[in-house]
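In what follows, a single structure is set out as structure tokens and then discussed.
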Amino acid sequence: MKILIFSFLFFQQALAQTCKPSVFEKLKFSARAIVTSVIDKQIDEKIPATNIMGLQQREVLKLFPELAIIGHEEGCKALILSYTICDAYSTATSWEDLFDQTNDEETDAIRHFILTALIARRAGVQKTKFLMNAHEAVDPDLGLVEALKATTYERDKMDLYNNFLSLAWVSSQGKKQISDKDIVEQALLFLKQGKFSKLRIGNLSCAKTDFRKNYQEIEKNYQENLSKFKTAHELCTENKAIIKIYNFFDILRKKQTP
């Protein structure tokens, strides 16, 4: 049990100190095996082999278990950031209304762009493509054109397009250390240029033609919203993360307790 506790403490500290994809790979074999076995167990429970639609993401997460951890952490940030950018919290009357207002429109597109970029800067473009394709239930190896042809769901096509837009931008940055500011400002630029794919025009602030925000304002409001609403989002709660593929990190934390 002491080895288990040490391994998970080391793993968390390493993730907190770096955004490079090599953290998991640099773990000693015993530590990596423990982490992998724990995540595998969660994958089997949350995405059973009988779940045909989840087969792709199941296989990707088993190949790259660090993506389960990174996806959970960055998923929460991308969610609250996108809601903050578009002022979704100030207009929603309920959590159901919040989802309805932000589905398939600008906020949704921004969230996918930000999430993909946040993951890619830590895990690399290729692994992130595998994960984001699998999340939309298409072959992880497919490029944008083939991926769009592989699904008949317009919502998935929208998400895939915005994911690949983000991957292309991250790739264009080369070896530059990409900051949160870089990602948010690029999302704002693409929003202004009309480059995001969306299925409808929303009614939030970021859908307006005169929408203007700077990163300093967004960051300030993000920190406030994170403090207010983090525990209200299932995706963000450390002990109740049950949404899609981002729900494995809590078991790693629990394993630290003897």
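Computed from the coordinates by the stated procedures, all read-outs in this text should not be read as laboratory data. Quick caveat: nothing in here was measured; it's all calculated off a predicted structure. When we count neighbours, we look across all protein chains shown, and the Cβ atoms used for this are built from the backbone with ideal geometry, even at glycine.
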In terms of Cα to Cα distance under 15 Å, which aspartates and glutamates are near enough to residue 198, apart from those fewer than 8 places away along the same chain?
-> 100, 104, 105, 106, 108, 154, 156, 159
Over segment 65-187, equivalent-ellipsoid semi-axes from the Cα gyration tensor in Å = 23, 18, 13
Are any of the pairs 77/228; 77/181; 208/230 more than 18 Å apart by Cα-Cα distance, and if so, which?
-> 208/230
Excluding residue 184 itself, what net charge comes from residues whose Cβ is under 10 Å from its Cβ, given Lys and Arg +1 and Asp and Glu -1?
-> -2
Which whole-Hz couplings ³J(HN,Hα) result when phi for each residue of segment 183-188 is put into the Karplus expression 6.51 cos²θ - 1.76 cosθ + 1.60, θ = phi - 60°, listed in order with x for Gly and Pro?
-> 5, 5, 5, 5, 4, 5
In units of 2.2 N^0.38 Å, the Cα radius of gyration of segment 153-229 is 1.23
Average projected area of the Cα convex hull of segment 70-136, in nm²?
-> 4.5 nm²
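Given a Förster distance of 25 angstrom, what is the FRET efficiency for residue 154 paired with residue 193, based on the Cβ-Cβ distance and rounded to 0.05?
FRET efficiency, residue 154 to residue 193: 0.70.
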Could you give the length gained on full extension between residue 177 and residue 211, defined as 0.36 nm per residue of separation minus the Cα-Cα distance, in nm?
-> 9.4 nm
Charge context of residue 105, other residues only, Cβ under 11 angstrom, K/R +1, D/E -1 = -1
Any idea how far the Cα center of segment 128-166 sits from the one of segment 56-94, in Å?
-> 16 Å
